[in-house]
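Take a look at the structure set out below.
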Amino acid sequence: MDTIQGFMFKQSGVFLASAIIIYREPNGTIWHAQVRSQQYTKGDVVAYIVATIPVGSEMRFKVNVVWGRDKTAHETFEQGYDWHWSYGMAGGHSKTEIMACYRITGTTLFNTLHFDGLKTYDEALKHFNVNAPYRG
């Protein structure tokens with residue numbers, strides 16, 4: 001299982017969408033959901049730093065499509081960095097942070113969640129052609 005420090009997501013569909021990070025704590029059996037309430041429209045790119053999820057947890061990415069079909073990623077990752085909460089919120093980023101990159105395309109009922117691979121934070125910005133994403 002690959003170790004990451006966050007997710008970067010591009011909303012490329014013609015609908016409103018929000019994101020959910022699903023995780024299971026180390027040695028746990030119950031999956032929890034960290035719901036992100038902000039909704040994104042076509043073209044929005046957002047970075048989710050997993051600061052509040054316990055180190056070693058298994059994580060998956062899910063997109064909640066408003067009035068449509070939600071999508072859950074097949075890939076599972078391990079939360080591998082013990083973030084200091086204020087550091088993550090202050091906007092400081094290391095060029096070596098590994099992000100799992102996703103984008104969703106299509107319409108409300110016919111959409112696809114694409115896994116674009118693991119990239120460093122800077123590589124992910126270039127991949128999605130943005131200078132700075134929204135913070136989830």
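The values are calculated or read from the model by the stated rules, or taken from the named source; none is laboratory data. Predicted model only: the values in this text are computed from it and were never measured. FYI the Cβ positions are ideal-geometry reconstructions off the backbone, even for glycines, and counts take in every protein chain you see.
Summary table below
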item: Residue within the range 71-78 that is farther than 25 Å from Ala132 by Cβ and of a type in the set (A, V, I, L, M, F, W, C) present; result: no
item: Subset of the range 1-19 [among the β-branched types (Val, Ile, Thr) and surrounded by fewer than 17 Cβ atoms within 10 Å (Cβ to Cβ)]; result: Thr3, Val14
item: Residue in the range 96-129 that is surrounded by the fewest Cβ atoms within 10 Å (Cβ to Cβ), counting only those that are small (Gly, Ala, Ser) and under 20 Å from Gln79 (Cα atoms); result: Gly117
item: Qualifying residue in the range 103-122 (condition: closer than 14 Å to Val46 by Cα and at pLDDT below 95); result: yes
item: Some residue of the range 47-54 being at pLDDT below 90, farther than 19 Å from Asp116 by Cα and hydrophobic (A, V, I, L, M, F, W, C); result: yes
item: Residue within the range 20-30 that is surrounded by 16 or more Cβ atoms within 10 Å (Cβ to Cβ), of a type in the set (Gly, Ala, Ser) and over 10 Å from the mean Cα position of the chain (by Cα) present; result: no
item: Count of residues meeting criterion [over 24 Å from Phe128 (Cα atoms), surrounded by 13 or more Cβ atoms within 10 Å (Cβ to Cβ) and either in contact (Cβ under 8 Å) with a residue 60 or more places away in the chain or over 13 Å from the mean Cα position of the chain (by Cα) (or both)] in the range 33-57; result: 4
